[in-house]
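I'd like to ask you about the structure that follows.
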Amino acid sequence: AEMVNLGSSVEGRILWAIRITGPGAGKPAVLYHGAQHGNEIMGAANIAFIARRLLTDYGTDSRVTALVDNVEWFLLPIMNPDGYEQGNRYNANGYDLNRNWGGPGAYPAPFSQPETAALRDFLIAHPNVHAHVDLHSSGFMILWPWGHTPELTENHVTFDFLGTGMAGRIVDVRGTRYPYRGPIY
């Protein structure tokens, strides 16, 4: 495990991720990030829990050991450290980072904020990242693209499989039913 600096926020706070992986190179990677809305603290807590589980159960739980040995994990608990510090949804420039990614509806312009630009640049520099999970802690829903059009993504079957599977696991573990859906046009 090692700490990785992914960039900085409007106010200069570092976007620290923890990289966890086993021996070897050339593995597929995943990126999880939380607290994109600074006031949604459970995303950060969940990512900290994932990191702890991967680190403490490595070598003793065969499933965890396989996950660490075969995947490169990048876990960013707090994507919006300025908003997190203030207990605020928005970054220090007053923007909802959830609306600042690429594509239609980006405000004020795609990747115009340092936090989303940092993650974009990280993903470009790491083409081995095959999954990116954005954990929120409000709404109790499982959503996947797209939100701006009724069109399905080319990976809709995969998103649908993963989303419905996640919803089923939540029911199994917690008994709670999370609505799940793809396009929410």
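Answer with yes or no whether residue 130 is touching a helix residue (DSSP H, G or I) at 6+ places or on another chain (Cβ under 9 Å) and either in contact (Cβ under 8 Å) with a residue 12 or more places away in the chain or of a type outside the set (Val, Ile, Thr) (or both).
Against the criterion (touching a helix residue (DSSP H, G or I) at 6+ places or on another chain (Cβ under 9 Å) and either in contact (Cβ under 8 Å) with a residue 12 or more places away in the chain or of a type outside the set (Val, Ile, Thr) (or both)), residue 130 does not qualify.
Here is a follow-up. Consider residue 116 carefully, then state whether it is closer than 19 Å to residue 34 by Cα and open to solvent by less than 50 Å² (accessible area, probe 1.4 Å).
It is true that residue 116 is closer than 19 Å to residue 34 by Cα and open to solvent by less than 50 Å² (accessible area, probe 1.4 Å).
Can you tell which of 104, 108, 28 is open to solvent by 30 Å² or more (accessible area, probe 1.4 Å), at pLDDT below 95, at negative phi and touching a His at 6+ places or on another chain (Cβ under 6 Å)?
Unique residue meeting the criteria: 104.
Also, quick follow-up: Sort out which residues of region 1-54 are among the aromatic types (Phe, Trp, Tyr) and touching a residue at least 12 places away in the same chain (Cβ under 8 Å), and write them in order of number.
16, 32
Any residue in region 143-154 that is in contact (Cβ under 8 Å) with a residue 40 or more places away in the chain and within 17 Å of residue 180 (Cβ to Cβ) sitting within a Cβ distance under 9 Å of a residue that is open to solvent by less than 50 Å² (accessible area, probe 1.4 Å) and not in a loop (DSSP other than H, G, I, E, B)? List the pairs, counting only those 6 or more apart or interchain.
143/163
Can I ask one more? Within region 124-158, which residues are among the aromatic types (Phe, Trp, Tyr), surrounded by 13 or more Cβ atoms within 10 Å (Cβ to Cβ) and in contact with a Phe, Trp or Tyr (Cβ under 6 Å, 6 or more places away or on another chain)?
144 - this is the single residue of region 124-158 that is among the aromatic types (Phe, Trp, Tyr), surrounded by 13 or more Cβ atoms within 10 Å (Cβ to Cβ) and in contact with a Phe, Trp or Tyr (Cβ under 6 Å, 6 or more places away or on another chain).
Yes or no: residue 89 in a loop (DSSP other than H, G, I, E, B) and in contact with a helix residue (DSSP H, G or I) (Cβ under 7 Å, 6 or more places away or on another chain)?
yes
Quick one: in region 36-63, of everything that is assigned to a loop (DSSP other than H, G, I, E, B) and out of contact with any His (no Cβ under 9 Å at 6 or more places or on another chain), which residue is surrounded by the fewest Cβ atoms within 10 Å (Cβ to Cβ)?
60
Now for a separate question. Suppose the filter is among the aliphatic types (A, V, I, L, M), open to solvent by 50 Å² or more (accessible area, probe 1.4 Å) and under 18 Å from the mean Cα position of the chain (by Cα); does residue 67 pass it?
yes
Of all residues in region 155-180, which are closer than 12 Å to residue 145 by Cα and aliphatic (A, V, I, L, M)?
Within region 155-180, 157 is the sole residue that qualifies.
To continue, here is another question. Give 124, 78 a once-over and let me know the one that is among the β-branched types (Val, Ile, Thr) and either in contact with a helix residue (DSSP H, G or I) (Cβ under 6 Å, 6 or more places away or on another chain) or on the phi > 0 side of the Ramachandran plot (or both).
Being among the β-branched types (Val, Ile, Thr) and either in contact with a helix residue (DSSP H, G or I) (Cβ under 6 Å, 6 or more places away or on another chain) or on the phi > 0 side of the Ramachandran plot (or both) holds for just one of 124, 78, which is 78.
For residue 107, are the conditions met, namely being of a type outside the set (D, E, K, R) and part of a loop (DSSP other than H, G, I, E, B)?
Judged against the criteria, residue 107 is a match.
The values are calculated or read from the model by the stated rules, or taken from the named source; none is laboratory data. None of the values given here were measured: they were computed from a predicted structure. A quick note on method: Cβ atoms are made from the backbone with ideal geometry, for glycine too, and the neighbour counts reach across all protein chains shown. Surface accessibility is based on the protein's heavy atoms, side chains included, excluding ligands, DNA and RNA. Shrake-Rupley method; radii C 1.70, N 1.55, O 1.52, S 1.80 Å.
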